[in-house]
Amino acid sequence: RELTSAEIFDALSDKDRERRRAAGRSISEVLGRNARLFARITNTLAKEKQIEDGWRKFARPISSRNLANHVEDEVVDALIAAVRAAYPRLSHRYYQLKARWMGLERLAYYDRNAPLPEDSDTRRPWAEAKVIVLDAYRSFSPTLAGIVDRFFARSWIDAQLRPGKDSGAFCHPTVPSAHPYVLMNYQGRNRDVMTLAHELGHGVHQVLAAEQGPLMSSTPLTLAETASVFGEQLTFRALLDGETDPVRRRVLLAAKIEDMLNTVVRQIAFVEFERRVHEARRKAELTVDELGEVWMAVQSESLGPAFELPDEYRIYWSYIPHFIHVPFYVYAYAFGDCLVNSLYAVYRRQPDGFEPRYLEMLRAGGTLRHRELLAPFGLDATDPTFWDQGLGVLDGLIDELETALAGRI
């Protein structure tokens, strides 16, 4: 039967490996039927971008995106270099661990987001999620908890599942003189609790920055995830610290690690694919095979030796919408995640006096650039070691999971 893209990609997370394999091959077959069209679109847009970048005197294909994000080329270069250098100790190490955990010699591409063997798919009622998130925010800042409580008390959250409702989750700031709204689809999984904390982080950021007015309250994309990822990190730690069952602790850790790998490592691999494609397009049009070769090269580098990547995976570059609609957009996810991890590392080391500085950063909205916002925390995104601090948080989670799994796999 015919499935939508949302339905078939959801099957890649099915517990049944045969169903995942069938879904992966089905995706490959349908994308492959359209490969020449996708290649023509990619080539045409890359050439168009080259011409416009030349008119506007941009140094590199990524430079226009960096300008829009209020960040310097060299800062983004440092982020990309730091993440690529960390592939072996992050994604390579985790996926080798996951392969052993699943009893496999090597993972297939359709195993990347597969549920773990011990995952019982525990569900939490909405009332419990509300308490968890409120308590996590309150443990850090009563001010933030007060704002979060208003979202619950005044029905600024639409979380109920119903026919025809849009998928996903977001927080819309409307206008500064009103208040933000959160839309999400709460189904009771731990990931849904994290999503709730994430979107409420956007909400408190938007409430605090509203004093800057309609022109300066919004932040560039690279800073827009600051409060959301920080709130998610607070909630994850609260869940982990409150979980006494060793099996559920392992599953929580692994789920968080996979989310962070998808946000940081996978997005930087996407950027590297774009960089190589745009550079190659300056010389000649790329064939379907050549695009597939670039895709397989960057995926092998980022995923590591734990994966077996067959030829059917060569066409998967064509399903990423950001490559078409917003070139080089995706590094902002990694930028935001690493930035917040560096902030969180500062908070863990020196909690005294952190809250007021953090609240001032959120109140600044879009009035300050990243250098000015991070200076009160002793952080500098132009320093290559800054990104290593953020990646170190993910490194530590993998260490923690390895310890928890010692002697079990």
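Under a 5 Å amide H cut-off, with hydrogens placed 1.01 Å from N, Y181 pairs with H172, T174 among residues at least 5 apart or on other chains. Neighbours of A127 by Cβ distance under 15 Å: Lys/Arg scored +1, Asp/Glu scored -1, total -1. Spacing of the modelled spin labels on I320 and I41, each 7 Å from Cα toward Cβ, amounts to 1.5 nm. Here the Karplus relation 6.51 cos²θ - 1.76 cosθ + 1.60, evaluated at θ = phi - 60°, turns the backbone of segment 283-294 into coupling constants of 9, 6, 5, 9, 7, 4, 5, 5, 4, x, 5, 5 Hz, with x for every Gly and Pro. Extension gain, V131-R154: 0.36 nm per intervening residue step, less the Cα-Cα distance, totals 6.7 nm. Taking all protein chains in place and a 1.4 Å probe, what share, in percent, of the accessible surface of segment 1-109 do carbon and sulfur account for? Of the solvent-accessible surface of segment 1-109, carbon and sulfur hold 52 percent.
To the nearest 0.05, how large is the calculated FRET efficiency for R33 and D311 if R₀ is 22 Å and r is the Cβ-Cβ distance? Please list the in-between numbers first.
Working: r = 15 Å, r/R0 = 0.70.
Working from the Cβ atoms, E equals 0.90.
Here segment 174-214 and segment 388-409 have alpha carbon centers that stand 30 Å from each other.
Report, in whole Å, the centroid distance computed from the Cα atoms of segment 292-344 and segment 36-52. When both Cα centres are located, 19 Å separates them. The slack between N262 and T385, meaning 0.36 nm per residue of separation minus the straight C-alpha distance, is 42.1 nm. If you plug the beta carbon distance of R84 and Q50 into 1/(1 + (r/R0)^6) with R0 = 35 Å, you get a FRET efficiency near 0.90. Per residue of the chain, the DSSP helices (runs of n ≥ 4 H) give a summed -39500 (n - 2.57) that works out to -20000 deg cm²/dmol at 222 nm.
Of the solvent-accessible surface of segment 159-267, computed with a 1.4 Å probe and all protein chains present, 53% belongs to carbon and sulfur. Spin-label model, D352/E400: points 7 Å from Cα along the beta carbon direction are separated by 2.5 nm. The translational diffusion coefficient of the chain, from Stokes-Einstein at 10 °C and 1.306 mPa s with a Kirkwood hydrodynamic radius over alpha carbon pairs, comes to 70 µm²/s.
Coupling constants for segment 83-93 follow from the phi torsions by the Karplus curve (6.51 cos²θ - 1.76 cosθ + 1.60, θ = phi - 60°), and in residue order they are 5, 5, 5, 8, 3, x, 8, 10, 5, 4, 5 Hz; glycine and proline get x.
Extending 7 Å from Cα along the Cβ direction at Q187 and again at L104 yields two label points whose distance is 2.1 nm. Checked against a 32 Å cut-off, the cross-linked pairs K130/K165; K165/K256; K15/K49; K49/K165 give Cα-Cα distances beyond that limit for K15/K49; K49/K165.
Stretching the chain fully between A284 and R60 yields a gain of 78.9 nm (0.36 nm per residue, less the alpha carbon separation).
Solvent-accessible area per residue in the chain equals 46 Å², computed with a 1.4 angstrom probe and all protein chains kept.
The values are calculated or read from the model by the stated rules, or taken from the named source; none is laboratory data. Quantities reported herein were computed from a predicted structural model and do not represent experimental measurements. Here Cβ is always computed from backbone atoms with ideal geometry, including for glycine, and neighbour counts include all displayed protein chains. With ligands, DNA and RNA removed, areas are computed over all heavy atoms of the protein, side chains included. Shrake-Rupley method; radii C 1.70, N 1.55, O 1.52, S 1.80 Å.
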